[in-house]
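Working notes for the structure below.
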Amino acid sequence: MKSPRNLQRLGALALSLALGWWLWQGVTISPFQGITGPAARYIHGTARDTGAANVVAAILFDYRGFDTLGEASVIYTTVCGVALLFAKRRYRRSSHGLSFIVKRSMALLVPFILLYASSIIVMGHLSPGGGFQGGSVMATVTILFCVIYGSSFEAARVSPKVKETIESSGALLFVLIGLVGLVTGGAFLTNIAAGFPRGTMGQLFSGGTIPLLNIAVGMKVGAGLSTLFYSMVKILEDPTESSPPEV
Amino acid sequence: MSITFFAFLAAFLIVTALTASEARDMLSAVIALSVFGILMAIIFVILQAPDVALTQAIINSGLVTSLFLVAYSQTRKRGDDPDRENDR
């Protein structure tokens, strides 16, 4: 019990307990003591500054839109790195998917999941959600395809090139929207001050650039995470293997 | 939301986190991590952060789990990692 590894573990345990106690204190304090500091400024100024109903989306895509561009490029770099890393590997195994019942139920469910994902993306400035979350749901759909229909199902229908194009055009769209602000004399990613319509708060067409940026990030994240998954699975059609049974 | 329910969630969160880090079987660890993600999402909803909860639910329980499972299925299976051998 006196090895350095166990000492490390004890230290980690003590640190975790201290952190946990600290966070628990945050839970048990009385919830409402008025909002002060930067939070008050954002809560009161969001509707006037951006026209978005969702304060989180307004902060993500307006107040700190440049940071969001940085985060998006982190994902882009990760996807490029993983795709590069797995480019040479070819796994020969291709699963044939699950049973007929699961495949049919999945086929019934997919339109609704896609609808949910699109609503998360498009209404990101009104309700919780946004481009990142909706794009992840889209990528989850492609992962479900891989699990249920077998790994070569999606790659045969949507080529990786198409996904890469969608991802890159999402990134380009984001930067182009940002450049509009620069052209009109403001800063990069300027929203309302660059002439984008504010709209009425709570309407679908409101919030200036925020819905557009949501769509751009949704394209990027959805295609990117899907590419990430499929470059790890990396099933290429193996001619020696029998074709999967028809549904 | 009663504080006891929150305490129960937090305690269960700790159990799943310990399982994920200490389980010898990789598959159990991955599933425990997925349960951890779901509980974390519930806690984020209780703490009134629905945006983060949505992200947490999708990323941790959907994407990360499936990525880990793919990595698990395409690597050698020993049941546990080599540096645990020294502890026995």
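The values are calculated or read from the model by the stated rules, or taken from the named source; none is laboratory data. This structure is a prediction, so every number in the text was calculated from the model and none was measured. Note that each Cβ is placed from the backbone with ideal geometry, even for glycine, and that neighbours are counted across all protein chains shown.
Here is the figure for segment A:178-216: residues that are aliphatic (A, V, I, L, M), over 19 Å from the mean Cα position of the chain (by Cα) and within 26 Å of A:Ala117 (Cβ to Cβ) total 3.
Quickly run through segment A:198-247 and pick out the residues that are modelled with pLDDT under 85, assigned to a helix (DSSP H, G or I) and of a type in the set (S, T, N, Q). Answer for segment A:198-247, where residues must be modelled with pLDDT under 85, assigned to a helix (DSSP H, G or I) and of a type in the set (S, T, N, Q): just A:Ser231. Among the residues of segment B:34-51, is any in contact with a Phe, Trp or Tyr (Cβ under 9 Å, 6 or more places away or on another chain), away from chain A (no Cβ under 13 Å), at pLDDT below 90 and in a helix (DSSP H, G or I)? No, the conditions are met nowhere in segment B:34-51. Meeting the requirement of 1 or more residues that are under 16 Å from the mean Cα position of the chain (by Cα) and either within 13 Å of chain B (Cβ to nearest Cβ) or surrounded by 22 or more Cβ atoms within 10 Å (Cβ to Cβ) (or both), the helices (runs of 4 or more DSSP H) wholly within segment A:50-160 are A:55-58, A:65-85, A:100-122, A:131-149.
With the condition kept exactly as written, say whether any residue in segment A:2-24 is within 11 Å of another protein chain (Cβ to nearest Cβ), touching a helix residue (DSSP H, G or I) at 6+ places or on another chain (Cβ under 9 Å), of a type outside the set (Gly, Ala, Ser) and touching a residue at least 40 places away in the same chain (Cβ under 8 Å). Looking through segment A:2-24, none of the residues is within 11 Å of another protein chain (Cβ to nearest Cβ), touching a helix residue (DSSP H, G or I) at 6+ places or on another chain (Cβ under 9 Å), of a type outside the set (Gly, Ala, Ser) and touching a residue at least 40 places away in the same chain (Cβ under 8 Å).
Scanning segment B:52-68 for residues that are more than 7 Å from chain A (Cβ to nearest Cβ), over 19 Å from A:Leu126 (Cβ atoms) and touching a helix residue (DSSP H, G or I) at 6+ places or on another chain (Cβ under 6 Å) returns B:Gln56, B:Ala57, B:Asn60, B:Ser61, B:Thr65, B:Phe68.
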